[in-house]
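Q: Mind looking over this structure? Questions follow.
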Amino acid sequence: MEPLFYRPKDAALLLGMSRTAVFRLIKTGELKSIKEDGYRLVPRWALVEFAHALEIRAGLARTEDAA
């Protein structure tokens, strides 16, 4: 089973970017996160949503019908 939440360093690995870049995205609101008991968590859905937004900006988003 996949984790529901990722620490920023793990989210960075999944996205292929630096931990600093992930924190910058969190600060600007481009990547949603939760602060719980002093640490930051990034929901799995937020990673998928962010990746999809990048695809759309790059003109690479596929429609649901595409195979």
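Q: Out of the residues in the range 11-37 that are assigned to a helix (DSSP H, G or I) and either touching a Pro at 6+ places or on another chain (Cβ under 8 Å) or among the basic types (Lys, Arg) (or both), state the one that is surrounded by the most Cβ atoms within 10 Å (Cβ to Cβ).
A: VAL22
Q: Something else: Which residue pairs have Cβ atoms under 6 Å apart, sit 6 or more places apart or on different chains, and have a first residue in the range 10-26 that is more than 11 Å from ARG40 (Cα to Cα) and of a type in the set (D, E, K, R) and a second that is exposed (fewer than 13 other Cβ atoms within 10 Å of the Cβ) and modelled with pLDDT under 95?
A: Listed by first residue and then by second, the contacts come to nothing, as the list is empty.
Q: So which residues in the range 1-10 are assigned to a helix (DSSP H, G or I) and open to solvent by 70 Å² or more (accessible area, probe 1.4 Å)?
A: LYS9
The values are calculated or read from the model by the stated rules, or taken from the named source; none is laboratory data. The structure displayed is predicted, hence computed values, not measured ones. So basically every Cβ, Gly included, is an ideal-geometry build from the backbone, and we count neighbours across all protein chains shown. Side chains included, ligands, DNA and RNA excluded: accessible areas come from the protein's heavy atoms. Shrake-Rupley method; radii C 1.70, N 1.55, O 1.52, S 1.80 Å.
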